[in-house]
Amino acid sequence: VAVCNGEVLEVKDFYCDTHQVTVKHETEDGRKFIIRYGELDPNSITVKVGQKVSQKDILGKTGKLVGIVVISGFEIF
């Protein structure tokens, strides 16, 4: 979900068969920052580039990482 209001800058491949959504956010007091929401299921993404989002809007759902092995807490590609 979006942490606050903003605009979608990018939707594209991420890694291990997941996607990412990059959003430029702006708080009510004018602070601006960019967040990359990663490891999303590409079929679940609900936004497009240029779209305005509001706080708590669903951007997508967590995807399944393909081609990764976790051993003792370390990710190996």
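The values are calculated or read from the model by the stated rules, or taken from the named source; none is laboratory data. Note that this is a predicted model, so its numbers are computed, not measured. With ideal geometry, Cβ positions are generated from the backbone for all residues, glycine too; neighbour counts draw on all protein chains shown. We work out accessible area using only protein heavy atoms, side chains counted, and drop any ligands, DNA or RNA first. Shrake-Rupley method; radii C 1.70, N 1.55, O 1.52, S 1.80 Å.
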Margin query: Can you tell me how many residues within region 2-23 are open to solvent by 40 Å² or more (accessible area, probe 1.4 Å) and either on the phi < 0 side of the Ramachandran plot or among the aromatic types (Phe, Trp, Tyr) (or both)?
Written below: 11
Next item on the list: Pairs only if they're at least six apart or on different chains, beta carbon under 6 angstrom, first in region 1-29 and under 19 Å from Gly63 (Cα atoms), second aromatic (Phe, Trp, Tyr) and at pLDDT 95 or above; list them, first residue then second.
Entry: Val21/Tyr37
Notebook entry, point to check: If a residue has to be more than 11 Å from Glu7 (Cβ to Cβ), open to solvent by less than 90 Å² (accessible area, probe 1.4 Å) and touching a Leu at 6+ places or on another chain (Cβ under 8 Å) to count, how many in region 24-65 make the cut?
Noted result: 8
